[in-house]
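Any read-out appearing in this document is the output of simple, stated calculations on the displayed coordinates, not a laboratory observation. If you're wondering where the values come from, they're calculated on a predicted model, not measured in any experiment. Here the Cβ positions follow ideal geometry from the backbone for every residue, glycine too, while neighbour counts run over all protein chains shown.
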Amino acid sequence: MYHVHTEDLSHVRNAYPYFKLEEAHALTKPIFSKYAINPKRFSGTRGFTDSDIAADVREVERLDRLFDKSQKTEKMYADVLEAVAFEHGDSSNWFGSNSEIILTSLFDDYMNKIDMVLRTETDGHVSILGLDVTFGSYDLHKKFDKIRHDIDTGVLGKVKYFLHNRTRLQTFACSLDHVPQVVVGVDIQRLKELGLLWMNKKNNQLAKHPVQVLLLEEITMQLRTFADYARAKGKDQMSTILEIELKNIRELLQEKRKAGIATIKDDKVFEEIKRNLLYFTDSGAT
């Protein structure tokens with residue numbers, strides 16, 4: 001959910017004077033409490049020991065304590081963006097009617113850099129995509145350095161604690177490996193706009209908001225770049241996995257455009273993602 005950075009947020013204090021960060025953040029707490037995966041639920045599950053679960057819980061608590069008061073504002077903004085994306089990814093079908101958004105555990109957020117899982121089922125085939133949600137125009141090179149390193153070493157993302165409710169009475173608990181992973185986000189101005197709409201329950205506006213196309217465009221250009229890079233590195237199986245996800249997202253993006261939903265221009269996070277993808281080209285990889 002929260003990724004530390006040092007962006008100066010003073011320039012946006014008056015951008016949306018009716019947006020109250022504290023009030024918006026208070027609305028996120030019941031969402032995370034109810035929907036974020038709790039590792040303690042894996043007690044007694046095959047492949048998970050109580051000692052390992054307890055160690056992971058302690059590690060999350062340790063990492064939580066590292067965040068001092070100066071980082072509180074950044075954390076609150078990040079939580080708001082994730083809550084909006086989670087809620088309207090579901091209720092407004094930002095990621096398609098065949099998809100669902102699943103909040104990960106704090107452990108997978110901190111350790112595996114996946115905040116949410118996008119699960120899509122089409123004609124009996126299930127695909128999984130890990131989303132690292134961010135905001136602000138600060139440099140994202142560490143996130144993309146990790147993704148490039150993972151491709152170089154022949155691995156994709158991982159979610160240690162994954163729960164999926166197959167039916168009302170049956171829950172599927174496991175770890176996920178080989179998860180394609182992308183970074184998505186908006187700049188701080190857009191975040192405040194979305195937060196204000198969300199606070200005031202402007203669901204119709206959020207259902208048609210162009211941010212959903214922006215996020216899909218971010219995912220599309222990353223998956224295309226990662227698939228090409230993996231193929232160039234001789235990771236054909238990995239490239240195929242990425243291309244399958246790319247096909248799904250492209251089809252969804254086309255549907256959104258046919259529905260008349262425009263995109264957003266001049267978003268600083270989009271431009272920063274685009275800049276970082278240059279390092280996956282042949283010249284940047286050498």
For a quick size check, give me the Cα extents of the chain along its three principal axes, largest first, whole Å.
50, 45, 38
Residues with amide H under 5 Å from that of residue 37, placed H, sequence gap 5 or more:
104, 105
I'd like the Karplus ³J(HN,Hα) series for the stretch 54-61: coefficients 6.51, -1.76, 1.60, θ = phi - 60°, whole numbers in Hz, and an x wherever there's a Gly or Pro.
4, 5, 5, 5, 5, 5, 4, 4
Just to check I understand the Karplus step: with θ = phi - 60° and J = 6.51 cos²θ - 1.76 cosθ + 1.60, what whole-Hz values come out for the stretch 96-111, glycine and proline as x?
x, 6, 8, 10, 9, 9, 10, 6, 7, 6, 4, 4, 6, 4, 5, 8
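Taking a ≥ b ≥ c as the square roots of the Cα gyration tensor eigenvalues, with a/c under 1.5 meaning rounded and otherwise prolate when a/b beats b/c, else oblate, which class fits the stretch 151-286?
Details: a/c = 1.98, a/b = 1.22, b/c = 1.62.
Note, shape of the stretch 151-286 comes out oblate.
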Phi to ³J(HN,Hα) by Karplus 6.51 cos²θ - 1.76 cosθ + 1.60 over the stretch 120-132, Hz, x for Gly, Pro:
10, 10, 9, 6, x, 9, 10, 10, 10, 9, x, 10, 9
So who's got an amide H within less than 5 Å of the one on residue 94, skipping anything under 5 residues away but keeping other chains? H placed 1.01 Å off N, in plane.
89
The chain: relative contact order as a whole-number percent, Cα under 8 Å and 6+ apart:
19
Between residue 186 and residues 5 or more places away or on another chain, which pairs have amide H atoms under 5 Å apart, with H built 1.01 Å from N, and which residues are they?
134, 136
Can you put 209, 149, 164 in order, fewest other beta carbons within 10 Å first?
149, 164, 209
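Taking a ≥ b ≥ c as the square roots of the eigenvalues of the Cα gyration tensor of the stretch 183-259, is the shape rounded (a/c under 1.5), prolate (a/b larger than b/c) or oblate? Intermediate results must be reported in sequence, preceding the final value.
On the way: a/c = 4.03, a/b = 2.23, b/c = 1.80.
Because a/c hits 1.5 or more and a/b exceeds b/c, the stretch 183-259 counts as prolate.
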